[in-house]
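Please read the structure below before turning to the comments.
The values are calculated or read from the model by the stated rules, or taken from the named source; none is laboratory data. These figures come from a predicted structure and were not determined experimentally. Don't worry about glycine lacking a Cβ; one is built from the backbone with ideal geometry, like all the others, and counts go over all protein chains shown. Please note that ligands, DNA and RNA were not included when accessible areas were found on the heavy atoms of the full protein model with its side chains. Shrake-Rupley method; radii C 1.70, N 1.55, O 1.52, S 1.80 Å.
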Amino acid sequence: MLDNPWIAALIALFTWWFSTGAILWAVKRADGQGRGAHGRVVLAGLPVLVAGVAGAIVSADMGGAAYLPFLSALAIWGWIELAFLAGCVTGPSRAPMPHLARGGARFRAAWSVLAWHELLLTAGLAGLFWLTRGAANDLAFWTYAVLWGARISAKMNIFLGVPRINVEFLPAPLAHLPSYFRRGPVSWLFPVSILGLTAAVYCWMERTVVTGEAGFALLATLTGLALLEHWLMVVPLPDERLWRWALPAPKTDLRKGEGGHGF
């Protein structure tokens, strides 16, 4: 049953939704637990990273496997994202965007707050490429490559300008990041990103139809979700409701009288 492409697509969709929410829940919960809480969350997540690396190594020799390499790549990616959102792996600077920075100066400032994160993500991509090159199963690499390409595209679009940017879920260690975002008309990059992701979805779907393999269905769904996330930068839909459960419950503010709430 798990070999059915439709089942694979549903599993990919649920895994994307739940894992994203779990990471948000962990870092937002750490926001209110004092100094060092975010670091402890990252250390607690180390078994996930270890399991992901082990799964990627084992699955490289499993020619017909789909879920193990897919979930292993997500585990590696997820831990790196957890370390970033917790503020443990970001960049050499944590300052807001310098006032009136333009052009190259603005890009250099943005790079300085993300550098270590971007380099670690790229190291993960290179590591999985090396691990699966010539192996019987390279699905872990392609899963990670889809996430890497979509993330770079999304970050560059937010940097260059998009109408909608959801900052509600940013944890305390990344409170300076919105100063680097540009809310406005889309840039030249947005249509290029949409065309590239759409073409990738088509290619994965074509492979799914021709081969019937669950691995291609997993990649098609993951790429389709990346395409949806790009469209949500311009389409006014309340996507934040998908992960409302991951946020701490609002506390009653007695100063506002009965019924007043605030974070």
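Restricting Leu160, Leu82 to residues that are among the hydrophobic types (A, V, I, L, M, F, W, C) and over 25 Å from Val186 (Cβ atoms) narrows the list to Leu82. Among the residues of the stretch 178-195, not a single one is under 19 Å from the mean Cα position of the chain (by Cα) and charged (D, E, K, R).
Taking every residue in the stretch 60-89 that is buried (at least 20 other Cβ atoms within 10 Å of the Cβ) and pairing it with any residue that is of a type outside the set (D, E, K, R) and outside any helix (DSSP H, G or I), at least 6 positions away or on another chain, the pairs with Cβ-Cβ distances below 6 Å are Ala60/Ala135; Ala60/Asn137; Ala65/Asn137; Pro69/Asn137; Trp79/Gly45; Leu82/Gly45; Ala83/Val89; Leu85/Pro171. For the stretch 1-58, filtered to residues that are open to solvent by 80 Å² or more (accessible area, probe 1.4 Å) and of a type in the set (Val, Ile, Thr), the residue that is farthest from Val210 (Cα to Cα) is Val50.
A Cβ distance below 8 Å, combined with a sequence gap of six or more or placement on separate chains, defines the contacts here; from the stretch 211-237, residues that are under 18 Å from Leu68 (Cα atoms) reach residues that are of a type in the set (Ser, Thr, Tyr) in the pairs Ala214/Tyr67; Phe216/Thr208; Ala217/Thr208; Leu218/Tyr67; Leu218/Thr143; Leu219/Thr143; Ala220/Thr208; Leu222/Thr143.
For the stretch 133-169, the tally of residues that are at pLDDT below 95 and among the polar types (S, T, N, Q) stands at 1.
Of the set (1) touching a Leu at 6+ places or on another chain (Cβ under 8 Å); (2) crowded, with 18+ Cβ neighbours inside 10 Å; (3) at pLDDT 95 or above, all apply to Phe216 but (1). For the condition at pLDDT 95 or above and surrounded by fewer than 18 Cβ atoms within 10 Å (Cβ to Cβ), Trp231 qualifies.
Residue count for the stretch 118-166 satisfying the condition of being outside any helix (DSSP H, G or I), touching a residue at least 40 places away in the same chain (Cβ under 8 Å), open to solvent by 60 Å² or more (accessible area, probe 1.4 Å) and closer than 24 Å to Val50 by Cα: 2. Could you identify the single residue in Ala83, Ala65, Ala30 that is touching a His at 6+ places or on another chain (Cβ under 6 Å) and either assigned to a helix (DSSP H, G or I) or small (Gly, Ala, Ser) (or both)? Answer to the selection: Ala30.
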